[in-house]
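Novice: Before anything else, here's the structure in question.
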Amino acid sequence: MCDLLAISAGFDYGPREYLPLFAERGKRNVSGWGIGFFREGRTLVENSAESVYHENQMHDSFQRLARVIDSRMILAHISCPLIGGQHDQAAHPFTLSFLGHSWLFVHVGIVRDIDRYRTRMEPRLDVNIPSARIFEFLRDRMVSMVSEDPYLGLLSALSMATRELVERYPGRYNYFLANESVLLAFFNFRQLMMLKEHDTLGNVLLLTTVEEGLSGEDWRYIGLEGDSAGKFVVIGGADFLYQQSL
Amino acid sequence: MCDLFAMSAAKRSEAARSLPVFGVRARKNMDGWGIGFFRNDRAHVEKSANRIYVPGHLHDSFQRLARVIRSPTIIAHVRLQTSGKKDECHAHPFVLSFLGTDWIFAHNGKSPAIESYRSRGERLEAGSDSARTFEYLRDYLLFYHRGDPMVYSFVDALKRSTSRLMKEYPGGYNYLLTNGSVLCAFTNHRHFMLLKDSRQLENALLLTTVAEGLSPEPWQVFKAEEGCGLLLLIVGGELLLKQVVTPLRG
């Protein structure tokens, strides 16, 4: 199964420690990786179709990027060979600009029929995989709702868009959507693990799908309540701001 | 009644257009002013007990600060003294450090009951309802959010603390609370006016208590229902969520 990591801080954070730990935990995912981050409000994405780990050696570029990236918001994705398959290995994270921000998107899961979705908005993501259609669907619905009511609130817009998405295209969703200031995570399967870490420059908050967390520290489990159709988690800076069931 | 101003943006920005308009439109408040902002994640406050406006002139320092302060979040307060002394120490905003970061707080309203609150934590020098309100919120945010962050997310903890405040110390509260990343705005009296994507002022999210807003653009009114409060959460220049807060029962 693919894995996701988000790192959010109130300052430009260098993920020297946690990106390699994420790669280490994702050793079993051998078919590609991607890292997205922000510089002066613009998204930058570095990805590769090569395995993040090969013969006990971390991918050279992944190691170097971990040393030089600094950003308030960083998303990483490690692809799996079995589900979502080889074809999307060099695609995540995706980026689109809308509602006045550049956004990064990563997703794991299996969704039926979403590849039939055709956006009427531009730009379109030029890759034929479910995660791209999911991102376009969310973008389209959020833009439509916010244009009708500019003061609706981002979380309300995303929540309504996701409800529509899950009803029209049932499946397993676990996505992270982030602009330079806020991370909006949704999942309706698996779990999220969260850690608030103290860096010399300030606090950092990490969120991952890796079941055991990335280290031996006090990772907190975020799961679904019994009859919940999914859950949103909202992170701003290094703060766990809010959680809401779908 | 004091007036409040806030600007939230995705990156460090100036409020060089909107702050002077705010200063002029809030000029009926004659007992001091203050501006709070963030630099390298640390809170900074410049404040004064002087009048913000004398006929024909906005306070010289306020004008200059408005031109040069650059921060993702800026809040300002113009004071009409209803509690505490008229001096710089009682001017808003106030700063406290907790939950691993600096927080800036500004308030208007009338809540004399809270003046009797005695925090066991770090206390602000000012002897006013606003200073006690900030201490109270700090104390209960720590109690709820640090106590169990998985049960009480930051917003849930702030809602619960404010709900408790409304029950234990009934009064009129309008407050702004920010750590630079997140801006929380609460009102249970008066209103907030919000404007996004202004063409005349800054391209950020602007908020004020000034009834007519700060420009002839379509400002959106946010007002709580009778007996309730309204909490707005703003991050990176976007309104993220709106929550109704009712006084704690039981």
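Novice: Is region A:108-119 home to any residue that is open to solvent by less than 10 Å² (accessible area, probe 1.4 Å) and under 16 Å from the mean Cα position of the chain (by Cα)?
Specialist: Among the residues of region A:108-119, at least one is open to solvent by less than 10 Å² (accessible area, probe 1.4 Å) and under 16 Å from the mean Cα position of the chain (by Cα), which makes the answer yes.
Novice: What is the residue count in region B:73-109 for residues that are modelled with pLDDT of 75 or more and on the phi > 0 side of the Ramachandran plot?
Specialist: Within region B:73-109, residues that are modelled with pLDDT of 75 or more and on the phi > 0 side of the Ramachandran plot number 3.
Novice: Take region B:205-236 and flag every residue that is in contact (Cβ under 8 Å) with a residue 24 or more places away in the chain, assigned to a loop (DSSP other than H, G, I, E, B), open to solvent by less than 10 Å² (accessible area, probe 1.4 Å) and not polar (S, T, N, Q).
Specialist: Passing the criteria: B:Val210, B:Leu214, B:Gly236.
Novice: For A:Gly85, state whether it is farther than 23 Å from A:Val234 by Cβ and either within 20 Å of the chain's Cα centre (by Cα) or at pLDDT 95 or above (or both).
Specialist: Values: farther than 23 Å from A:Val234 by Cβ: yes; either within 20 Å of the chain's Cα centre (by Cα) or at pLDDT 95 or above (or both): yes.
Yes; evaluated as a whole, the condition is true for this residue.
Novice: Pull out all pairs, ordered by first then second residue, where Cβ-Cβ is under 7 Å, the residues are six or more apart or on different chains, the first lies in region A:147-165 and is more than 9 Å from chain B (Cβ to nearest Cβ), and the second is of a type in the set (Phe, Trp, Tyr).
Specialist: Taking only residues 6 or more apart or on different chains, the pairs are A:Ser159/A:Phe232; A:Thr162/A:Phe186; A:Leu165/A:Phe137.
Novice: Considering region A:201-229 alone, what residues qualify as being over 18 Å from B:Arg146 (Cα atoms), modelled with pLDDT under 90 and within 14 Å of another protein chain (Cβ to nearest Cβ)?
Specialist: Of everything in region A:201-229, those that are over 18 Å from B:Arg146 (Cα atoms), modelled with pLDDT under 90 and within 14 Å of another protein chain (Cβ to nearest Cβ) turn out to be A:Leu201, A:Glu225.
Novice: Which residue, of A:Phe232, A:Phe186, A:Phe176, is more than 13 Å from chain B (Cβ to nearest Cβ), under 23 Å from B:Leu231 (Cβ atoms) and outside any helix (DSSP H, G or I)?
Specialist: Criteria check complete, one pass: A:Phe186.
Novice: Please go through region B:34-44 and give me each residue that is modelled with pLDDT under 95 and either open to solvent by 30 Å² or more (accessible area, probe 1.4 Å) or more than 20 Å from B:Asn179 (Cα to Cα) (or both), ordered by number.
Specialist: Passing the criteria: B:Arg39, B:Asn40, B:Asp41, B:Arg42.
Novice: Which of the residues belonging to region B:107-122 are more than 18 Å from the chain's Cα centre (by Cα) and basic (Lys, Arg)?
Specialist: Across region B:107-122, the qualifying residues are B:Arg118, B:Arg120.
Novice: Still on this structure, I have one more. For region A:120-142, which residues satisfy the criterion of being in a helix (DSSP H, G or I) and either more than 16 Å from the chain's Cα centre (by Cα) or polar (S, T, N, Q) (or both)?
Specialist: A:Ser131, A:Asp140, A:Arg141, A:Met142
Novice: For region A:45-69, give me the residue count where each residue is crowded, with 17+ Cβ neighbours inside 10 Å and within 23 Å of B:Arg12 (Cα to Cα).
Specialist: Summing the residues that are crowded, with 17+ Cβ neighbours inside 10 Å and within 23 Å of B:Arg12 (Cα to Cα) in region A:45-69 gives 1.
The values are calculated or read from the model by the stated rules, or taken from the named source; none is laboratory data. Keep in mind that this is a model prediction, so the values were computed, not measured. Virtual Cβ from ideal backbone geometry, glycine too; neighbours counted across all protein chains shown. Accessible surface areas use protein heavy atoms only, side chains included; no ligands, DNA or RNA. Shrake-Rupley method; radii C 1.70, N 1.55, O 1.52, S 1.80 Å.
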